[in-house]
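Engineer: One structure, pasted below without further comment.
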Ligand SMILES: [Zn+2]
Ligand SMILES: [Zn+2]
């Protein structure tokens, strides 16, 4: 096995640009082991753990977790300050107002789609069902 000399600075830079990557995936990119990446980053004094990005459940903007805090907010500051927000219907695309709290509650329960009324919801699911059937038959 050929020994590859990897520049420590390259790895540190790469990690700096891609904080979400784990040591294992950095190692794969550079062709070295996960453990070696961890050693290099520790030597340089960089954090080795991958930063998991969080997104606002309302507007989808990325939220940066405060260092040393375990609690991750579900909404960005901007959305938090607004009690009523505009969301778009996943079926017809129409914007409609909804309480920000409700949007968060729904996403917590696993509802990934928003509809502005029952008929849009029905139409949406029917369309998807039809597509699934078509895919299955073709
Ligand atoms: Zn937001
Ligand atoms: Zn609609």
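Engineer: Between residue 55 and residue 80, what is the spin-label point distance in nm, taking each point 7 Å from the Cα along the Cα→C-beta axis?
Structural biologist: Label-label distance for residue 55 and residue 80, simple model: 2.0 nm.
Engineer: Can you compute the helix-only [θ] at 222 nm over the chain? Use -39500 (n - 2.57) per DSSP H run of at least 4 residues, normalise by all residues, nearest 500 deg cm²/dmol.
Structural biologist: Theoretical 222 nm ellipticity from helices: -13500 deg cm²/dmol.
Engineer: Express the relative contact order of the chain as a whole percentage, based on alpha carbon pairs under 8 Å and six or more residues apart in sequence.
Structural biologist: Numbers: 142 pairs, mean separation 18.9, N = 138.
The normalised contact order for the chain reaches 14 percent.
Engineer: What's the angle, to the nearest 10 degrees (0 to 90), between helix 34-44's Cα axis and the longest principal axis of the chain?
Structural biologist: Approximately 70 degrees, to the nearest ten.
Engineer: Stretch residue 39-residue 20 to full length: gain in nm at 0.36 nm per residue minus the Cα-Cα span?
Structural biologist: Values: separation 19, 0.36 × 19 = 6.84 nm, distance 1.78 nm.
Net length gain for the segment: 5.1 nm.
Engineer: Would you calculate the separation in nanometres between label points at residue 113 and residue 136, each defined as 7 Å from the Cα along the Cα-to-beta-carbon direction?
Structural biologist: Output for this residue pair reads 1.7 nm.
Engineer: Throw me the Rg/Rh for the chain, computed over C-alpha atoms with Kirkwood Rh, two decimals.
Structural biologist: Numbers: Rg = 22.1 Å, Rh = 18.9 Å.
Result for the chain is an Rg/Rh of 1.17.
Taken together, the values in this text are just the output of simple stated rules run on the coordinates, not laboratory data. Computed from a predicted model, the values in this text were never measured in an experiment. All Cβ positions, even for glycine, are placed from backbone atoms using ideal geometry, and neighbour counts span all protein chains on display.
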